[in-house]
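First comes the structure, then the notes that go with it.
Rule-based calculations on the coordinates, nothing more; no lab input. Treat the numbers as computed from the prediction; the structure is a model and nothing was measured. Every residue, glycine among them, receives a Cβ derived from its backbone with ideal geometry; neighbour counts consider all protein chains shown.
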Amino acid sequence: MYEEAASFIRARTNVHPKVGLILGSGLNPLAEAIVNPAAIAYTDIPHFPVSTVAGHAGQLVIGELAGQPVCVMQGRFHFYEGYSPQQITFPVRVMKLLGVEALILTNAAGGVNPNFEAGDLMLIVDHLNFVGMMGFSPLRGPNLEAFG
């Protein structure tokens, strides 16, 4: 399943991405800065989930950003959309097969620091995984050696 999706993507680009970015709706315009982009709709990629969130473009864009070969997801998938943790992490595993070594995830997050203003960037170093506390984990199930 993972390899089928990766093969489909490889057939549409000569770029071998080393960095993966998962963008939310607020950072979708970043994909417009990609040089020589190959854009692939999620609906075209075998076994790929489809985002239902407004503002998520729903495509994978592969090319170069700041001189680095990148694989950028414009939109992601959420547990509240009805997807399982395994479906949500499917694209990350496909990116690994494509050669991605570093992954950057973005999101909109609130902060309690009174010095923060809307639009400030934050580096999140820890979080509470409430979904995991309910027994839902992308690590549940047999280990897939190809992904560590």
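Listing for the model above:
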item: Within the range 110-148, tally of residues that are under 22 Å from Lys96 (Cβ atoms), without any contact (Cβ under 8 Å) to a residue 40 or more places away in the chain and not in a loop (DSSP other than H, G, I, E, B); result: 2
item: Flag if Val112 is under 30 Å from Thr13 (Cα atoms) and either surrounded by 10 or more Cβ atoms within 10 Å (Cβ to Cβ) or not charged (D, E, K, R) (or both); result: no
item: Residue among His47, His56, His16 that is touching a Leu at 6+ places or on another chain (Cβ under 8 Å), touching a residue at least 24 places away in the same chain (Cβ under 8 Å) and either more than 20 Å from Phe147 (Cβ to Cβ) or assigned to a loop (DSSP other than H, G, I, E, B) (or both); result: His16
item: Identity of the residue in the range 25-56, among the small types (Gly, Ala, Ser) and surrounded by fewer than 19 Cβ atoms within 10 Å (Cβ to Cβ), that ends up farthest from Ala109 (Cα to Cα); result: Ala38
item: Qualifying residue in the range 81-97 (condition: at positive phi, assigned to a loop (DSSP other than H, G, I, E, B) and surrounded by 13 or more Cβ atoms within 10 Å (Cβ to Cβ)); result: no
item: Filter pass, Arg76 being within 28 Å of Asn129 (Cα to Cα), among the charged types (D, E, K, R), part of a helix (DSSP H, G or I) and touching a residue at least 12 places away in the same chain (Cβ under 8 Å); result: no
